[in-house]
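The values are calculated or read from the model by the stated rules, or taken from the named source; none is laboratory data. Please read these numbers as outputs of a predicted model, since none were measured by experiment. Virtual Cβ from ideal backbone geometry, glycine too; neighbours counted across all protein chains shown. Just so you know, the surface numbers come from the protein's heavy atoms only, side chains and all, with ligands and any DNA or RNA stripped out. Shrake-Rupley method; radii C 1.70, N 1.55, O 1.52, S 1.80 Å.
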Amino acid sequence: MITSALFVSAELAESPYETGPVLHWCDVREREKNSGSWPVKTDQERSHWAWSPLKAVGPLRFGMTPRQVADALVGEVPAGRQGHFPYWWWGRGAAGQWTLTDDRFEQTGVTAHYRYPEGLPVLGAVTVHGRTGPQIAHAGIPLIGATPSRLDEAMFQHIENHDLVS
């Protein structure tokens, strides 16, 4: 079953596994086991978002600044931020400016991943957390919570029905 998903911008789509936001993303199988309970929201507690391939996930448009991302999430403050100094081997007093890589929004159930095309952070990818995040659909097809085989079947049927094969 698909329990979380990473959606990327057009700039990252050509080579997503070699770009900054995706390099730091980890598969749930690689995470340390949680010995406690895992938070889960009911379907009624979760919003419904549409995915526009390479453009947006719900209200989050790729290319937004961190402030625009927070504003789109109704002013939610990130529960956690990750980043680094450019010269990490020099320690905390390193020269250079701290680089924001991720903002985790617990209430909404998403993580925003930033890239730096012109020296400033812009939204490059979004991880939607399957247990707490919004329900994502594309063309009426739910993308999270389905088995990969069911999702593949639905997507191929959509492509065939709409003559999207080039």
Practice problem: Could you check the stretch 1-96 for helices (runs of 4 or more DSSP H) lying wholly inside it with 2 or more residues that are at pLDDT below 90? | Solution: 10-13, 20-24
Quiz item: Within the stretch 97-138, can you find the residues that are at pLDDT 90 or above, in contact with a His (Cβ under 8 Å, 6 or more places away or on another chain) and outside any strand (DSSP E or B)?
Solution: Gly109, Pro134
Quiz item: Restricted to the stretch 140-155, and to residues that are among the hydrophobic types (A, V, I, L, M, F, W, C) and modelled with pLDDT under 90, which residue is most open to solvent (accessible area, probe 1.4 Å)?
Solution: Met155
Quiz prompt | Top-ranked residue in the stretch 65-86 [being open to solvent by 30 Å² or more (accessible area, probe 1.4 Å) and of a type in the set (D, E, K, R); ranked as farthest from Gln97 (Cα to Cα)] | solution = Asp71
Quiz item: Which one of these is touching a residue at least 24 places away in the same chain (Cβ under 8 Å) and more than 16 Å from the chain's Cα centre (by Cα): Leu123, Leu151, Leu164, Leu143?
Solution: Leu151
